[in-house]
Every structure is written in C-alpha cells, then in structure tokens.
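Scroll down for the structure; my scribbles are underneath it.
The values are calculated or read from the model by the stated rules, or taken from the named source; none is laboratory data. Everything quoted here is computed from the prediction, not taken from an experiment. Positions of Cβ are generated from backbone atoms using ideal geometry, with glycine treated the same way; all protein chains shown enter the neighbour counts. Note: areas computed on protein heavy atoms with side chains; ligands, DNA, RNA excluded. Shrake-Rupley method; radii C 1.70, N 1.55, O 1.52, S 1.80 Å.
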Amino acid sequence: MALQFPDFDPVAVAIPALHLGSMTLGPFPVRWYALAYIAGILLGWRYCVALVRNGKLWGPRPPTATPPQIDDLVLWVTLAIILGGRIGYICFYMLVNPGQRAELFAHPSEVFEIWKGGMSFHGAAIGVGLAIIAFARANRLALFGVLDLVAASEPIGQGFGRLANFVNGELWGRPTSLPWGMIFCNHHIAQENGGACPPEVMTPRHPSQLYEAALEGLALFLVLRFATHRLKWLQRPGAVTGLWLIGYGAIRIALENVRNPDIGMPNFPLGLTMGMILSIPMMLLGAALIWNGLRAPPPAPAAPQEA
C-alpha cells in the first residue's frame, strides 16, 4: 500500500497585504523553499567561520581567510546561487525542452519569476565557483583554500533545499512498488493544478527528494567533515573541493536512476539524463583536484614576520 503525501502547505507564513492610502502592498507569501535557502546560507556561513577559527585544521599555516572576509563572501555566494541557479535552469532545462522553450519565448518575464521554482544545482555551482574566483582575486586570497571552505559547508544548504523540494511535492521519483512509494497528491497540489492532481503523480513513486536530502546533504557533509577534521585536508588545497565534486557527482548520478526526469526533456543516448551529463565533468574535475592536492608536499610553517 502506497504512502499518501502529507498535506504540506508550501507557504510557511502568509504576510497580509499592507494598505497605504490608495496603495496596497502584498500580500507576501513566505515559502518554505525560500526559508530553506536562507537557513542553508546562514548555517553554511557560520560553519565556514568555525572552520577558519579552528587553527588545528590548518596546521602550521594560517587559515585561508579571516572571519570578516567570510562575512563578505556570503553576499557574493548568495547572489551567485540565485543568478547561477536561475541561468543554469534556463540553459540546461528550459531551452532544451521544446515546451518550456516555447513558453519562455512567449513570456520572457518568466526569467525573473524564481519564486515559481526552476533553479539548477549545477548552474548555482558554476555561479558560486565564478564568484569565488572573483572574490579570491579581489581579496588576494588562495583560491583553492576559499573553494575548500565553501565546499565543506555546501551540503548543509543542499540538505535543506531537498527537504523544501519534498515539502513542495516537486522533483519526485520514478514509479515504484516498494512499500514506501508515495502518491504525491494533496490539497495544495490539486489547487495549483486546477482542482485535481496530475495523473502522473497518482502512481506510487520514490520519495527521491528525501534520498537526496539524506545523501547529498547529511551523508556528504559527514564525509567532508571527516576529511577536514580527521584527514586535515584543509592543509591540502583543492582536495576538499575535489572530494565534494566526486561525492555529489556520484550521488547525483546514482539517484538519477530513481528520480523522475523532467517532463519534456529530450531522450539522451545511453539512458543518460541531464543531471548525469552535468555530473560527469564534476567527478573528473574532482579527481584532478584531489590528485593535485595530495601530491603536493606537506605545508611548511609560515615565515616569521620581521619586526
């Protein structure tokens, strides 16, 4: 017997309209999806600060950045997540999907309607990478060191994001006969689809969002924490980033086999999905970064400053 999807409301808080004379502002729905982004960014920021304050993780060399520099980095990363995620979704999913491409050309303003969903993880990752390159150059910081800090904290936000996908009843999995298969239909989903849930969600499906939250979020965070705190890989520039790239790529490729492909996407060869195609280069780059980081000699103590 399949499980019934809970009656989650995607809106966490509904702020009523504000009337200012003849002007009305709102109402403003605050969605769980937005709160997940905020929670992930804030907790990731504090985790990065904790890493740079822990001198034992860095060996004889000083941490890559100072807490105030991490504070500045948060704004760069936040903007990169939003812009990169949206641009990536448009490029990787909307433009290659005939139906969504036609809808986008007919209504170009949809580019800015991020509150309706439509963010690409791989696009956000590219955007954050470019932002970190610019930030490191502007502040004269070691690029791989900054990348490693952000990579170590990324699964925090990833876990919250996948939980928000589950609350929204989106990105569900392929059909399954397993006892935890779920019918992704509730009152709110029916309302958003004209009063009835789409026929495709009436079949029990994998709750793949929860698989991703557990593996891309919690499990990957623990693996990276082992690398930073036990293996001391923050002393091996690029190695933590490489491990994150391989870990996320491998998990994403594996879970694409139970995650339902986006409707309307083209049939790629060998049964590949867009998520798989974008994750393969991540793993190759990750392997190169780990090899480069581990083959370098151990860090030498910093030269003493002259008085």
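Miscellaneous remarks
- For the pair His107 and Asp71, label points projected 7 Å from Cα toward Cβ lie 4.2 nm apart.
- Amide H contacts under 5 Å for Arg31: Ala12, restricted to partners 5 or more places along the chain or on a different chain, H placed in the peptide plane at 1.01 Å from N.
- Only Cα pairs under 8 Å and 6+ residues apart enter the sum, and on that basis the relative contact order of region 204-256 stands at 46 percent.
- Rounded to 5, percent antiparallel among DSSP beta bridges of the chain: 85 percent
- To the nearest 10, the accessible area of Thr78 is 30 Å² with a 1.4 Å probe.
- Treating each Cα of region 226-274 as an identical point scatterer and summing with the Debye formula, the log10 of I(q)/I(0) at q = 0.13, 0.15 Å⁻¹ comes to -0.48, -0.56.
- Computed over the alpha-carbon pairs of region 26-124, the distance histogram in 5 Å steps reads 2, 11, 16, 17, 14, 13, 10, 7, 5, 3, 2, 0 percent, short to long.
- Relative packing of 136-145, 38-47, which averages over residues the other C-beta atoms within 10 Å, highest first: 38-47, 136-145
- Extension gain, Leu18 back to Leu130 (0.36 nm per residue minus Cα-Cα distance, nm): 36.4 nm
- At R0 = 35 Å, FRET efficiency that the Cβ-Cβ distance of Trp180 and His229 yields, to 0.05: 0.60
- Estimated from helical segments only, the mean residue ellipticity of the chain at 222 nm is -17000 deg cm²/dmol, where each DSSP H run of four or more residues counts as -39500 (n - 2.57).
- Taking amide H as placed 1.01 Å from N in the peptide plane, the amide H of Gly238 sits under 5 Å from that of Asp148, each at least 5 places away or on another chain.
- Förster radius 41 Å - calculated FRET efficiency between Arg295 and Phe268 (Cβ-Cβ, nearest 0.05): 0.70
- Amide H to amide H distances under 5 Å link Asn260 with Gly173, Arg174, where only residues 5 or more positions off or on other chains count and H is placed in the peptide plane.
- Size of the chain as Cα extents on the principal axes (Å, biggest first): 74, 59, 37
- Within the chain, helices built from complete DSSP H runs that reach 15 Å or longer along their own axis (Cα positions) and carry a mean Kyte-Doolittle hydropathy of 0.0 or higher are 32-53, 67-89, 121-139, 143-168, 239-255, 274-295.
- Note on Ala138 and Ala288: the model spin-label points, each 7 Å out from Cα along the C-beta direction, lie 2.6 nm apart.
- When only Cα pairs below 8 angstrom with a gap of at least 6 residues are kept, region 159-307 shows a relative contact order of 25 percent.
- Pairs of Cα atoms nearer than 8 Å and 6+ residues apart set the relative contact order; for region 144-213 it is 40 percent.
- Both radii come from the Cα set of region 108-195: Rg as radius of gyration, Rh as Kirkwood radius; their ratio Rg/Rh reads 1.12.
- Using heavy atoms of the protein chains and a probe of 1.4 Å, the accessible area assigned to His19 is about 130 Å².
- The distance from the alpha carbon centre of region 1-68 to that of region 228-300 is 25 Å, rounded to a whole number.
- Within region 106-186, the GluC sites (Glu not before Pro) that combine a DSSP coil assignment with at most 12 other C-beta atoms in a 10 angstrom radius are Glu113.
- Size descriptor, Kirkwood hydrodynamic radius, that averages inverse alpha-carbon separations across region 147-215, Å: 13.2 Å
- Exposure check, 1.4 Å probe, all protein chains in place: Asp7 carries approximately 90 Å² of accessible surface.
- Cysteines, the chain, no other Cys beta-carbon under 4.7 Å: Cys48, Cys91
- Sparse packing (at most 11 other Cβ atoms within 10 Å of the Cβ) combined with a DSSP loop state is found for the following trypsin sites (Lys or Arg not before Pro) in region 207-244: Arg230.
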